[in-house]
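Below: one structure, written as structure tokens.
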Amino acid sequence: MSLKRLAIHQLRNIESAELVPSPQVNLIYGKNGSGKTSILEAINILSLGRSFRSHRHKALIRQGQPGVTLFGRVSGEGTDLSIGVSRSLSGEAILKANGSPVGSVAELASYLPVQAINSDTFSLLEGSPKVRRQYIDWLVFHVEPQFFNTWKTAQKSLKQRNSLLRHDRIRPEQLTPWDRPLIEATEAIDTFRAGCIEQLKTVFNGLVHDFVAVDDLVLNYYRGWDRQQRYADVLAAGFDQDRKQGFTRQGAHRADLRITVGGLPAADVLSRGQQKCLVCALKIAQGYLFSQLTGRRCVYLVDDLPSELDGDHRAMLVEWLERMQTQVFITGVEKEALEADWLNKPETEVKVFHVEQGKVVPFEQGQPHQQVTE
Ligand SMILES: Nc1ncnc2c1ncn2[C@@H]1O[C@H](COP(=O)(O)OP(=O)(O)O)[C@@H](O)[C@H]1O
Ligand SMILES: [Mg+2]
């Protein structure tokens, strides 16, 4: 699956840009503030309906404009469709596929699976469990068709249950109408997640040493409640405490992927650089497994690669991206530094784009070298 065409209108400093990317490697270079990350952001919004940078839609819209509009043509693996996302200042979002409205962000997300590696993703280790649940659920969402609806049921029941818990004289049996669907959905979510993580561990263990040379690195899935207990029993036993606190303390909404080195959290043990490499390994493992399980390929967005990883690790990441034959978009300040990683891969179709003050131009061979400085 790759993005055959990308059109951006009124996103941040980009008034209008059209790209015809390579189905393989796309290198985007330009000075700081020129609009490189905004291009990756555009692709991320086409994939998920939202940015990886900010949840404030207004910030995305070019100053003084009423809205932002993005188009993408997605092709490959039996798919050929155009997707469009526009957002107005009022926050209204219009999602379209082949010109028809798309019912949900989940539907949109199924068309263009994207993996982003940027400075934010490095919070996967030290951030809250929510970040790691999102990481797990990306895969579960794409490989388990029932997952999204099940997850929605759990969210809805949980919300109702929590609001009842905050009533003064609530009795356990009054929760039953919400507990029943919550229990069923929670058990199902756990089964989906556990199944995916088991497979992810195998892939991850097979490649992690390419990225980080540490022993005793373990991925451990915590499902959100005691492994020995049935969720129904956990809810029943925890009723008094849940009522006191005014929310359901345990469940799939508290799940986590614990990443440890020698029994300690990886974020406490590994250096910054090692953490970045570990996150790359996690992201590559996920895209690799996604591909194995679905026969599809996701698009990788790698922001500011040269500044995030040292030469050897960059080479390793590039090696894996190449092996996976996915479409990648990589940004950096220096053209030469970006290109250097792909020089010994003559079979790969590499396209280079130059961004300057929100204008995107493909870099043609033979064009005079443009000095780019910070
Ligand atoms: N809503 C907006 N309207 C206009 N310009 C914006 C808006 N939001 C951000 N910018 C500007 O757009 C540019 C885009 O930056 P970015 O894509 O992060 O650049 P790069 O990744 O190349 O450093 C920045 O110069 C920023 O000041
Ligand atoms: Mg940037």
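For region 153-218, what does the convex hull of the Cα positions come to per residue, in cubic angstrom?
In region 153-218, the Cα convex hull volume per residue is 130 Å³.
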Cα centroid separation, region 1-52 to region 265-298 (Å): 23 Å
The chain: most fluctuating residue of Val105, Val85, Val74 per GNM, C-alpha cutoff 10 Å: Val105
Using a 10 angstrom cutoff on alpha carbons, build the Gaussian network for the chain and name the most mobile of Ile39, Ile170, Ile136. Ile170
In whole Å, what is the distance between the alpha-carbon centres of region 112-148 and region 319-356? 24 Å
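Could you tally the net charge around Ile117, taking each other residue with its Cβ under 13 Å from the Cβ of Ile117, Lys/Arg +1 and Asp/Glu -1? Walk me through the numbers on the way to the answer.
On the way: positive: Lys276, Lys283, Arg314; negative: Asp120, Asp303, Asp304, Glu308.
Net charge in that neighbourhood comes out at -1.
If you average over every viewing direction, what projected area does the convex hull of the Cα atoms of region 1-72 give, in nm²?
Details: hull surface 19.4 nm².
Averaged projected area of region 1-72's Cα convex hull equals 4.8 nm².
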Place a label point 7 angstrom from the Cα of Arg249 along the Cα-to-Cβ direction, then list the residues of region 143-163 whose backbone nitrogen is under 16 Å away. 162
Report for the chain the percent antiparallel among DSSP-assigned beta bridges with both residues inside it, nearest 5. 70 percent
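What does the charge add up to near Phe148, with Lys and Arg as +1, Asp and Glu as -1, over the other residues with Cβ less than 15 Å from its Cβ?
Working: positive: Arg133, Lys152, Lys156, Arg193; negative: Glu107, Asp137, Glu144.
Within the 15 Å Cβ shell, the charges total +1.
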Order of Glu308, Glu184, Glu364 - criterion: other Cβ atoms within 10 Å of each residue's Cβ, fewest first: Glu364, Glu184, Glu308
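Please give the charge dipole size of the chain, origin at the Cα centre, charges +1 on K and R Cβ atoms and -1 on D and E Cβ atoms. Round to the nearest 20 debye.
Numbers: 45 positive and 43 negative charges, 327 e Å.
With only Lys, Arg, Asp and Glu charged at Cβ, the dipole is about 1560 debye.
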Looking at region 252-374 from every direction and averaging, what is the projected area of its Cα convex hull in nm²? 11.1 nm²
Can you tell me which of Ser100, Ser16, Ser82 moves the most in a GNM of the chain? Springs connect C-alpha atoms under 10 Å apart. Ser100
May I ask you to compute the full-extension gain from Ser88 to Asp226, defined as 0.36 nm times their residue separation minus their alpha-carbon distance, rounded to one decimal in nm? 45.2 nm
Tilt relative to the chain, helix 176-211 - C-alpha long axis, 0 to 90 degrees, to 10: 40 degrees
Taking only C-alpha pairs under 8 Å that are 6+ residues apart, what is the relative contact order of region 1-139 in percent? 23 percent
Between beta-carbons, use under 10 Å as the cut-off and find the net charge around Val85, counting Lys and Arg +1, Asp and Glu -1. +3
At q = 0.08, 0.09, 0.10, 0.14 Å⁻¹, what base-10 log of I(q)/I(0) does the Debye formula yield for the chain when every alpha carbon is treated as an equal point scatterer in vacuo? -0.46, -0.57, -0.70, -1.24
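Where a number appears in this text, it was derived from the coordinates with a stated rule and is not lab data. A quick note: this is a predicted structure, and the numbers were derived from the prediction, not measured. Cβ atoms come from the backbone with ideal geometry, glycine included; neighbour counts cover every protein chain shown.
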